[in-house]
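The values are calculated or read from the model by the stated rules, or taken from the named source; none is laboratory data. Just so you know, these numbers come straight off a predicted model, no measurement behind them. Cβ sites come from the backbone with ideal geometry, for glycine too, and all protein chains shown count toward neighbours. In case anyone asks, the SASA skips ligands and DNA or RNA and just uses the protein heavy atoms, side chains included. Shrake-Rupley method; radii C 1.70, N 1.55, O 1.52, S 1.80 Å.
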Amino acid sequence: TGGSADSYSFAARAALRAGDASSAAADLVALVATGFRGPAVDARRASIQAGLAALGGRSAEALALYRDAVRGFRDSGLPLDEGLTAIEMATLLDPTLPEVRVVVGSARETLLRLGATPLIEQLDAALQRPGAVPTLEPAGSADRSAV
């Protein structure tokens with residue numbers, strides 16, 4: 001109780017990157033319980049839901065939710081959130097998926113422009129990690145419409 005929408009969304013991001021679905025889900029419930037709404041909060045909620053779907057092996061669902069989140073962050077002028085979402089995508093999904101690569105490429109350019117070297121390093125590490133999680137659906141099953 002008493003947390004802000006930002007604190008819950010950032011806690012959920014950390015939990016997702018750590019592979020802790022139950023903590024991320026609890027943070028999502030707390031985020032929703034704050035009652036805050038708006039494009040940025042909605043995009044953060046979609047990003048958390050995407051991460052939970054990815055951890056659950058539902059990569060097509062995760063990609064669709066990530067697509068919504070990235071669009072929301074772009075529309076809201078939140079490049080840092082877009083960059084963090086790209087890191088999550090490359091960490092939780094197969095980083096060789098074309099849609100992941102598109103988001104990562106765009107976010108990398110933004111992070112370079114922001115001078116966010118530690119985040120660029122995290123993004124690069126996620127892309128090069130050994131044993132990248134393979135997608136569970138056939139490559140053609142995910143809708144690859146504009147991100």
(message) Give me a comma-separated list of calculated 3J(HN,Hα) values for region 20-27, in order, Karplus coefficients 6.51, -1.76, 1.60 applied at θ = phi - 60°, integers in Hz, x for any Gly or Pro.
(response) 9, 5, 5, 5, 4, 5, 5, 5
(request) Please identify, among Gly56, Gly19, Gly38, the residue showing maximal mean-square fluctuation in a Gaussian network model of the chain using a 10 angstrom Cα cutoff. (result) Gly38
(message) Explain nothing, just the number: relative contact order of region 1-65, from Cα pairs under 8 Å at least 6 residues apart, as a whole percent.
(response) 31
(request) Could you please put Thr117, Thr96, Thr110 in sequence from largest to smallest accessible area, using a 1.4 Å probe? (result) Thr96, Thr117, Thr110
(message) Going by amide H atoms built from the backbone, whose H comes under 5 Å of the H on Asp94, apart from near neighbours?
(response) Thr135
(request) Please report, in debye to the nearest 20, how large the charge dipole of the chain is about its Cα centre when each Lys and Arg carries +1 at its beta carbon and each Asp and Glu carries -1 there. (result) 100
(message) Order Asp94, Asp6 by their accessible area, 1.4 angstrom probe, all chains in place, largest first.
(response) Asp6, Asp94
(message) How large is the accessible surface of Leu31 in square angstrom, using a 1.4 angstrom probe and rounding to the nearest 10?
(response) 0
(message) Output wanted: per-residue J couplings in Hz (rounded whole) for region 46-63, from phi through Karplus 6.51 cos²θ - 1.76 cosθ + 1.60, θ = phi - 60°, x for Gly and Pro.
(response) 4, 5, 5, 4, 5, x, 5, 5, 5, 5, x, x, 9, 5, 5, 5, 4, 4
(request) Pull up all non-local amide H partners of Ser76: gap of 5 or more, or a different chain, and H-to-H distance under 5 Å with H placed in the peptide plane. (result) none
(request) Please calculate the 1.4 Å probe accessible area of Glu61, with all protein chains present, and give it to the nearest 10 Å². (result) 80
(message) I need the P(r) histogram for region 56-111: all alpha carbon pairs, bin width 5 Å from 0 out to the longest distance, whole percents.
(response) 4, 22, 34, 25, 11, 3
